[in-house]
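Below is one structure; the comments refer to it alone.
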Amino acid sequence: MWKIALQRVAMLILMMLCVSLLAFLVPMASGSDPARTILLSHGSDLALDPAQVEALRRELGLDQPLPMQFLIWLGNAVQGDFGNSFASRQPVIHEIGSALIVSATLALSALAIAVAVALPMGTLAAMRPGGRVDGGVTLLVQTFVAIPEYWLAPILILIFALHLGALPSSGWFGPTSVILPALALSIRPMAYFTQVTRAAMIDVLNAPYITAARARGLSMPQTVLRHGLRNGSIPVVTFFSLWFASLLGGSVVIEVIFAIPGMGRLFYEAVINKDIPLLQGGFVAIVALAITINTLADILYVVINPSLRGANGR
Amino acid sequence: MAADITLSRQATTTEPATPPGHGPLRRFLGTRHWTFAAGSVIFGTILAVLILGPAIWSLDPAKQDIIQRLKPPSGQYWLGTDNLGRDVFARLVEGGRFTVTIAALSVLISVVIGVSIGILAGRLGGWFEEISMRIVDLLIAIPDTVIAIFLVAIFGPGHVTLIVALTIVGWTPYARLSRGLALQVNAMDYIRAAEVLGMTRRFILIRHFLPNLIRPISAVTFLRFGHKLITVGGLSYLGLGVQPPAPDWGLMLAAAQPYLDRAPMLMIAPGLAIFITALSVTWIGHGLEIDRTKPKD
């Protein structure tokens, strides 16, 4: 088991190195001189003083050979120093920190809604596979998967904010402003969680201990609640962590629609404003979080399932 | 059950197993859920409208008529007009061509790359399998929107950037699936037999190997196609794909945002187009995947 864990972590580090290299090469690929861009962003006059540019280049280490520059940049990045954002002049790492809290809140709210609907729905479908309820749930799941969240969002705004006036249409200021974006974001994980729950519960409900529980005289609902759900929800836990990782940086469109100062919007604005340090930091942070959570989930999965610990643990 | 009986009779007797009017297509449809046929019809219609539509109706998606702006649906403008008085239906048809083509291209390229890598991993094994599958594990974790935005930052927005970005993360599910299938098929006796009989690797690959992959891969392709469509729409929504004034479903949705209250049709129409297209391909994929007459799950 330790071997698997070590392998995964080694791969993770390798992957992060590649991602960092990609991020480091961005300014070169986009053909802009960081020193000039920084000076321009500080609002200096259009005609830059060549001496000033040269001084800043030296200060930034841009006169060093490229591999050396990368090592310096990487060394700073590992310590969380991605430089200052061009737009806000704040350290990138602070911006990312506060955006992450917002995105995590949003992602957890969305996933909570998703699980709250998916567990009962998937269980109901699994009680009689191929039955009428199962067919209805399958149709619902397919519908949910096909709904673009950036379409659901304006529809929700139209109904709940503009017509009913019950909820705010955008912004980030307390519990009421979380509801609509979380709802829009929850629709797809809800569909996948339902599928996963259904499949897991069908397996579980066929297990001998369920028959044994039924034979002891427990009613079907009692059996499901006491024995079924506990085992049937294990795969959902794994999926939960994966979705959490992807929603942390991946809910760009919803964050833009609802003007939520989260990770996705931060990253999006970095691109629009050509804010290179923010872009680099954001990309590295999102990818690092996503693949770290993924690797942890992988390792945890093996820890939870002793049967996977054999020599052939892939 | 019924299908099994017909199949076994077909295998044992020499008389024509299929009565007139019950061709292979009919038999195949008989084992599918009704949504498969519905999805096929809907998706076929959408494709026909997108391909032939402009030739039939000769509507101009770019023609502005500022007096007729933000009009509700009518006989002249089937889905109303937008903020510049342009025909929403005409723009929907024109825009769909972009959205569907980009999604389809990125899915096709992803399938080719993913299946090749997956089969290689499954048949070669060793370090190639180990490394490629670890890369798949990690790439799958990264949200595709983030990769797309990052690439747009470097190369600028446009069709090609969009397709490349979607392919970078898009090939991974096919690689994982086809590796699994390859391992399964590899263990089959008929592959062993073919090898013993001295058939070449290429012959085995084409005659015995690939046919086993077609059904599951095409099912996943349709399922993923719906997802890609939504991602493409989302990226255009953010202004990272097709550039205005060219219409595109995501772009139309974004442009409709300020007029949400006055002209909701402007927002509903392009979203509905993405939704129905995505739903129809999901139904096709689901239908290919699951045989209604064999409830195993």
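Since every read-out is calculated from the coordinates, none of them should be taken as a lab result. Keep in mind that this is a model prediction, so the values were computed, not measured. No Cβ is skipped: glycine too gets one built from the backbone with ideal geometry, and neighbour counts run over all protein chains shown.
The distance between label points at B:Phe28 and A:Tyr301 comes to 3.3 nm (points 7 Å beyond Cα on the Cα→Cβ vector). Helix B:2-12 versus the longest principal axis of chain B: what is the Cα-based angle in degrees, 0 to 90, to the nearest 10? The answer is roughly 40 degrees.
Report, to the nearest 10°, how far helix B:159-170 tilts away from the longest principal axis of the Cα atoms in chain B, using its own Cα long axis and a range of 0 to 90°. Taking Cα atoms only, the helix is inclined about 40 degrees.
Taken along the Cα-to-beta-carbon direction at a fixed 7 Å, the label points for A:Lys3 and A:Asp49 span 6.4 nm. Listed by chain and number, the aspartates and glutamates whose alpha-carbon sits under 14 Å from that of A:Lys274, ignoring those within fewer than 8 places in the same chain, are A:Asp33. Share of Cα-Cα pairs in the protein assembly as shown beyond 46 Å, in percent? Beyond 46 Å sits 22 percent of the P(r) for the protein assembly as shown. Close amide H contacts of A:Asn84 (hydrogens built in the peptide plane, cut-off under 5 Å, sequence separation of 5 or more or a different chain): A:Val92. Legend: mean number of C-beta atoms from other chains within 10 angstrom of residue C-beta atoms, peptide B:148-160, equals 5. Peptide A:13-25 shows a mean partner chain C-beta count of 2 within 10 Å per residue C-beta. As a ratio to 2.2 N^0.38 Å, the alpha-carbon radius of gyration computed for chain B takes the value 1.22.
Between A:Leu218 and B:Leu183, the C-beta separation translates, for a Förster distance of 35 Å, into a calculated FRET efficiency of about 0.30. Ranked by the mean number of other Cβ atoms within 10 Å of their residues, highest first, the peptides B:130-142, A:201-213 fall in the order B:130-142, A:201-213.
On the basis of the beta-carbon distance and an R0 of 60 Å, A:His163 and B:Leu197 show a calculated FRET efficiency of 0.25. Classify segment A:155-314: rounded, prolate or oblate, from the alpha-carbon gyration tensor (a ≥ b ≥ c, eigenvalue square roots; a/c under 1.5 rounded; otherwise prolate if a/b is larger than b/c)? It comes out oblate by the Cα gyration axes.
Computed from backbone phi with θ = phi - 60° and the Karplus coefficients 6.51, -1.76 and 1.60, the 3J(HN,Hα) list for segment A:182-199 is 5, 5, 4, 6, 7, 4, 6, x, 4, 4, 5, 4, 4, 4, 5, 4, 4, 4 Hz; x is used for glycine and proline. Legend: calculated FRET efficiency, A:Thr105 to A:Met68, from the Cβ-Cβ distance at R0 = 51 Å, rounded to 0.05, equals 0.80. Remark: spin-label model distance A:Lys274-A:Glu59 equals 2.1 nm, labels positioned 7 Å along the Cα→Cβ axis. Taking 12 Å as the straight-line reach from the Cα of B:Lys228, the aspartates and glutamates in range (excluding those fewer than 8 positions away in the same chain) are B:Asp144.
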